[in-house]
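Asker: Dropping the structure in here first, questions after.
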Amino acid sequence: MHITKLNPKGIAMPLIPMTIQEQVAEHVPFKRRMLRLTQAQLAATIGTSQTAIARLETGRGNPTADLIQRVITALDMDLTLYVRAKAPRPPAKPSA
């Protein structure tokens with residue numbers, strides 16, 4: 001196992017591809033608690049519901065990019081998105 005990153009608590013973790021929802025659910029609650037904000041306070045700050053924040057922090061639902069960006073901005077976090085082309089597939093072998 002190659003250790004390639006530290007989680008928000010400083011614990012070494014293997015680099016495993018995660019969905020955006022999983023990444024948000026991993027980092028947002030930790031930062032919110034560091035700032036001593038409740039879910040309701042964060043929700044009020046960005047104009048959404050406490051339920052929406054709870055869903056975001058547990059990785060449930062399908063949050064909009066706008067909601068994620070508002071949360072990230074309110075918590076003074078960075079959001080980095082990497083988009084890259086997949087490697088081309090080899091041509092199919094002809095049938096015999």
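Asker: Relative contact order of the chain: what whole-number percent is it, with Cα pairs under 8 angstrom and at least 6 residues apart?
Answerer: The normalised contact order for the chain reaches 21 percent.
Asker: Pick out, from A92, I20, L37, the residue whose Cα sits farthest towards the positive end of the charge dipole of the chain, with +1 on the Cβ of Lys and Arg and -1 on the Cβ of Asp and Glu.
Answerer: Positive-most Cα among the choices belongs to A92.
Asker: Of the trypsin sites (Lys or Arg not before Pro) in region 18-74, which ones lie in a loop per DSSP and count no more than 10 other C-beta atoms within 10 Å?
Answerer: Passing both the DSSP loop test and the Cβ count: R36.
Asker: Roughly how many debye, to the nearest 20, is the charge dipole of the chain about its Cα centre, given +1 on each Lys and Arg Cβ, -1 on each Asp and Glu Cβ, and no other charges?
Answerer: 280
Asker: Still on this structure: Expressed as an acute angle from 0 to 90° and rounded to the nearest 10, what is the orientation of the C-alpha long axis of helix 65-74 relative to the principal long axis of the chain?
Answerer: Between helix and principal axis, roughly 50 degrees.
Asker: Also: From the phi angles alone, apply the Karplus equation (6.51, -1.76, 1.60; θ = phi - 60°) to region 78-83 and give each ³J(HN,Hα) in whole Hz, x where the residue is Gly or Pro.
Answerer: 9, 10, 10, 10, 9, 10
Asker: Specify whether the C-alpha gyration tensor of region 21-74 places it in the rounded, prolate or oblate class, a ≥ b ≥ c being the square roots of the eigenvalues: rounded for a/c under 1.5, otherwise prolate if a/b is larger than b/c and oblate if not.
Answerer: Here region 21-74 falls in the rounded category.
Asker: Need one word for the chain: rounded, prolate or oblate. Basis is the Cα gyration tensor (sqrt eigenvalues a ≥ b ≥ c); a/c below 1.5 gives rounded, then a/b vs b/c decides.
Answerer: Prolate, because a/c is 1.5 or more and a/b exceeds b/c.
Asker: Which angle between 0 and 90 degrees, to the nearest 10, do you get for helix 20-34 versus the longest principal axis of the chain when only C-alpha atoms count?
Answerer: Tilt relative to the chain: about 30 degrees.
Here, each number is a calculation from the coordinates, and none is a lab measurement. Please read all numbers here as calculations on a predicted model, not as lab measurements. Ideal geometry is used to build each Cβ from the backbone, glycine not excepted, and the neighbour counts take in all protein chains shown.
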